[in-house]
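What follows is a single structure, written as structure tokens, with notes after it.
The values are calculated or read from the model by the stated rules, or taken from the named source; none is laboratory data. No experiment lies behind these values; they were computed from the predicted model shown. Cβ placement follows ideal geometry from the backbone for every residue including glycine, while neighbour counts extend to all protein chains displayed. Please note that ligands, DNA and RNA were not included when accessible areas were found on the heavy atoms of the full protein model with its side chains. Shrake-Rupley method; radii C 1.70, N 1.55, O 1.52, S 1.80 Å.
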Amino acid sequence: MLLPKRVVRRMKTHMTEDEIDARLLRGYIEMMKTEDRYFLDGQNVIVVINNDGKTEHNESYIVIHERLVDKRLIEINRWYMNGYYFGAIHNITVIKDLNLFQVQNGSGNFNALYDYKQGKFFVPRKKWGVVSYKLGNVNYLTEYNGFIAVFGISSDYEHDDCYSYINPVTNKKIVESFSVNDGDYYAILNLDGSIRGNKLFKGSSFSKIEKIIDLDEYESLEAFKSERKQLCNEEKKKRKQQYYQLIGSRNNGSLSPYYDEEVLKTLQLKK
């Protein structure tokens, strides 16, 4: 993409090269139809555009890192997103002191870190559920030179994971699920994306850590995740088996696993 030569010549008469680059960059982006934009410096910009079904990807948005090189705008990187959060996090997305663009997960948080000078991810997308330098009242980037990353593990979804029925005693609709949630795991990330101490911390929050996992005992983080997910899937299968055994023995095969018939019989006894 190029701006008209007369525009470039007019700029050169009264501006420094850096100012010219910054003006050129803005001029190029102004000609694009974007949903959102982040001017990172005089050479780098990240824009969000609507996919409109024009690529083989089905995601709704495309995020593109563009760079001004020799007065031309070139694409450095791109990624696709199903959703995009147009909220207040825009103002905290860029950390210029670190040449860092925090990549959002589409629901109001960040889950990856992108170095826009090098044009690459050093914390890849979808490895963590959330990556943040601030948690609670602590700025971990300022205080500890790092980020807090968290992910959850649960059983894989299957179409029969949930069931519902009307309880004959209370006439209330009961909705249950066999899904197994293994909880949340936290890590402290160094500025190169590595896991500090190669340790994970498990707890209901970062204020309530109950277990420490030494990743040196595993081939990789992904190997740990795979092992825990397999255990969740096995536990879910066991829950389903127990459920079907219960409904076969307690209520003549109805969907309720509880002693509803016995309760009804007692209710109907004469005083």
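Mind checking which pairs have a first residue in the range 177-191 that is closer than 16 Å to L135 by Cα and a second that is in a loop (DSSP other than H, G, I, E, B) and open to solvent by 20 Å² or more (accessible area, probe 1.4 Å), Cβ under 6 Å, 6 or more apart or different chains?
The qualifying pairs are Y186/F206.
Can you confirm whether Y140 is out of contact with any helix residue (DSSP H, G or I) (no Cβ under 7 Å at 6 or more places or on another chain), buried (at least 16 other Cβ atoms within 10 Å of the Cβ), farther than 22 Å from S194 by Cβ and touching a residue at least 24 places away in the same chain (Cβ under 8 Å)?
Working: out of contact with any helix residue (DSSP H, G or I) (no Cβ under 7 Å at 6 or more places or on another chain): yes; buried (at least 16 other Cβ atoms within 10 Å of the Cβ): yes; farther than 22 Å from S194 by Cβ: no; touching a residue at least 24 places away in the same chain (Cβ under 8 Å): yes.
No.
Restricting attention to strands (runs of 3 or more DSSP E) lying wholly within the range 12-104, give those where 2 or more residues are more than 22 Å from L191 (Cβ to Cβ) and open to solvent by 40 Å² or more (accessible area, probe 1.4 Å). Break it down into steps so the answer makes sense when it comes.
Working: elements: 36-39, 44-50, 61-69, 72-81, 100-104.
In the range 12-104, the matching strands (runs of 3 or more DSSP E) lie at 36-39, 61-69, 72-81.
Matching residues to (1) of a type in the set (S, T, N, Q); (2) in contact with a Lys or Arg (Cβ under 9 Å, 6 or more places away or on another chain); (3) under 17 Å from R26 (Cβ atoms):
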position	(1), (2), (3)
R37	no, no, yes
I46	no, yes, yes
H57	no, no, no
V69	no, no, yes
G87	no, no, no
N91	yes, no, no
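Checking W128 against (1) open to solvent by 30 Å² or more (accessible area, probe 1.4 Å); (2) of a type in the set (F, W, Y); (3) at pLDDT 95 or above, only one condition comes out false. Which one?
Result: W128 fails condition (1) only.
Yes or no: the range 164-185 includes at least one residue that is part of a loop (DSSP other than H, G, I, E, B), touching a strand residue (DSSP E or B) at 6+ places or on another chain (Cβ under 8 Å), open to solvent by less than 50 Å² (accessible area, probe 1.4 Å) and of a type in the set (D, E, K, R).
Taking every residue of the range 164-185 in turn, none turns out to be part of a loop (DSSP other than H, G, I, E, B), touching a strand residue (DSSP E or B) at 6+ places or on another chain (Cβ under 8 Å), open to solvent by less than 50 Å² (accessible area, probe 1.4 Å) and of a type in the set (D, E, K, R).
Six or more apart or on different chains, Cβ atoms under 6 Å: show the pairs whose first residue is in the range 7-23 and farther than 22 Å from Y38 by Cα and of a type outside the set (K, R) and whose second is at pLDDT 75 or above and open to solvent by 40 Å² or more (accessible area, probe 1.4 Å).
What qualifies is M11/R23.
Give the residues of the range 133-163 that are part of a strand (DSSP E or B), within 24 Å of the chain's Cα centre (by Cα) and of a type outside the set (A, V, I, L, M), sorted by residue number. Lay out the reasoning, then the answer.
Taking the range 133-163 as the starting set, the residues that turn out to be part of a strand (DSSP E or B) are 134-135, 138-139, 147-154, 162-163.
Remaining after also requiring within 24 Å of the chain's Cα centre (by Cα): 134-135, 138-139, 147-154.
K134, N139, F147, F151, G152, S154, listed by residue number.
Between E235, E210, which is acidic (D, E), surrounded by 14 or more Cβ atoms within 10 Å (Cβ to Cβ) and either over 27 Å from the mean Cα position of the chain (by Cα) or modelled with pLDDT of 95 or more (or both)?
Working: E210 fails: surrounded by 14 or more Cβ atoms within 10 Å (Cβ to Cβ).
Of E235, E210, the one residue that is acidic (D, E), surrounded by 14 or more Cβ atoms within 10 Å (Cβ to Cβ) and either over 27 Å from the mean Cα position of the chain (by Cα) or modelled with pLDDT of 95 or more (or both) is E235.
Can D156 be described as touching a Cys at 6+ places or on another chain (Cβ under 9 Å) and either within 28 Å of Y243 (Cβ to Cβ) or free of Cβ contacts under 8 Å to residues at least 24 places away in the same chain (or both)?
Details: touching a Cys at 6+ places or on another chain (Cβ under 9 Å): yes; either within 28 Å of Y243 (Cβ to Cβ) or free of Cβ contacts under 8 Å to residues at least 24 places away in the same chain (or both): yes.
For D156, the condition - touching a Cys at 6+ places or on another chain (Cβ under 9 Å) and either within 28 Å of Y243 (Cβ to Cβ) or free of Cβ contacts under 8 Å to residues at least 24 places away in the same chain (or both) - is met.
Which residues, taken from the range 192-229, are in a loop (DSSP other than H, G, I, E, B) and touching a residue at least 40 places away in the same chain (Cβ under 8 Å)?
Residues of the range 192-229 in a loop (DSSP other than H, G, I, E, B): 192-194, 204-208, 218-220.
Passing the criteria: D192, G193, F206, S207.
Tell me whether the range 241-254 contains one or more residues that are touching a Lys or Arg at 6+ places or on another chain (Cβ under 9 Å) and farther than 30 Å from N99 by Cβ. Explain how you work it out, then say what you get.
Going residue by residue through the range 241-254, those that are touching a Lys or Arg at 6+ places or on another chain (Cβ under 9 Å) are none.
Within the range 241-254 (the criterion being touching a Lys or Arg at 6+ places or on another chain (Cβ under 9 Å) and farther than 30 Å from N99 by Cβ), the answer is no, since none of the residues qualifies.
Test N251 against the stated conditions and say whether it is free of Cβ contacts under 8 Å to residues at least 40 places away in the same chain and either of a type outside the set (S, T, Y) or loosely packed, with under 12 Cβ neighbours inside 10 Å (or both).
Values: free of Cβ contacts under 8 Å to residues at least 40 places away in the same chain: yes; either of a type outside the set (S, T, Y) or loosely packed, with under 12 Cβ neighbours inside 10 Å (or both): yes.
Taking the combined requirement at face value, the residue satisfies it.
Considering (1) free of Cβ contacts under 8 Å to residues at least 24 places away in the same chain; (2) open to solvent by less than 90 Å² (accessible area, probe 1.4 Å), say which one L264 fails and leave the rest.
Unmet for L264, out of (1) free of Cβ contacts under 8 Å to residues at least 24 places away in the same chain; (2) open to solvent by less than 90 Å² (accessible area, probe 1.4 Å): (1).
Considering only residues that are over 22 Å from K120 (Cα atoms) and among the charged types (D, E, K, R), which ones fall in the range 36-70?
Correct list: D52, K54, E56.
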